[in-house]
Amino acid sequence: MESLVIEIWRAGLKVNSMRGRVFTALLAILAVFAAGCSASSNQSAGSRVKAPAIPRVRVSLEEAQAAAPFDFSVPSYFPRAGTNLVGVYQIAGSPSDIELEFSDGTMLALHSSSETPNWKNSPAVQSGRGRVISFLGVSALAIEPGDQQVNGATRHYKGSLEWIKNGIDYAVYGEYSVSELKNVGTSWR
C-alpha cells in the first residue's frame, strides 16, 4: 500500500498545476483511506490510522534555500519557548518542495504555485473541518487540531493553516490553534 501511495505522489510531482497536485493528493488520500477500510477489521475501536510517509530527502537549510526558486527563512515565533529547527527536507524528485520540521512537532511546507485555489471547494471546508479566513491579505484554509472517527478508528489531525502569496504556497501544521498558527505564519519571512 505504501508503495502505491509513493508512486501516486511521485506522479503528482510531475504536474505543475495546483489542480493537478490537488488531484494527485486526493488520489493518495483515497488509497490510504481504502487501506484503512480493509485494515479496519483488524483494528480495535479507537485505534489510530496512520498514513504512510511521503518520500523526502534530508538536506541542510542552506542547501534547501539554494535549491528553492524563491527566498525563505525560518519563523521567529513559536508558541513553545525553545522550539528549534530539527530537520529540513526536500520532497524526493522535487527539490523546490521544502519541509521544515521543528522540535515541538510543527511542520512548515512551501513550494511554488501559480494558481490561487478556491478554498471553499476544498474537502476540509466541505466536510466542516476547515474554514476560509483572511490572512496576510489573502484567503487561507484554516483547520483546528482534533480527532475524527473514520471507519471506527480515530484519525488525529494537527491544526493547519495554508495560504498562497506571491507565487508561494505556504502551510503550517502543528498541535496548536489556528490563532497560534497565524502567529507562526506571520513571523515566517
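Throughout, read-outs are computed from the coordinates displayed, never taken from laboratory work. All values derive from a computational prediction rather than experimental measurement. As a convention, Cβ positions derive from the backbone with ideal geometry for all residues, glycine included, and neighbour counts pool all protein chains shown.
So which trypsin sites (Lys or Arg not before Pro) in region 58-134 pass both tests, a DSSP loop state and at most 13 other Cβ atoms within 10 Å of the Cβ? The partial results should precede the final answer.
Numbers: sites: Arg58, Arg80, Lys120, Arg129, Arg131; in loops: Arg80, Arg129.
Filter output for region 58-134: empty list.
Were the residues from Val86 through Lys165 laid out at 0.36 nm apart, the gain over their Cα-Cα distance would be 25.9 nm.
With the simple spin-label model, which puts each label point 7 Å out from Cα in the Cβ direction, the Val57 to Thr116 separation comes to 3.4 nm. Among Ile98, Ile133, the order by Cβ neighbours within 10 angstrom, fewest to most, reads Ile133, Ile98. Among all the aspartates and glutamates, which ones have a C-alpha under 14 Å from Lys182's C-alpha, if same-chain residues fewer than 8 places away are not counted? Reachable aspartates and glutamates: Glu144, Glu162.
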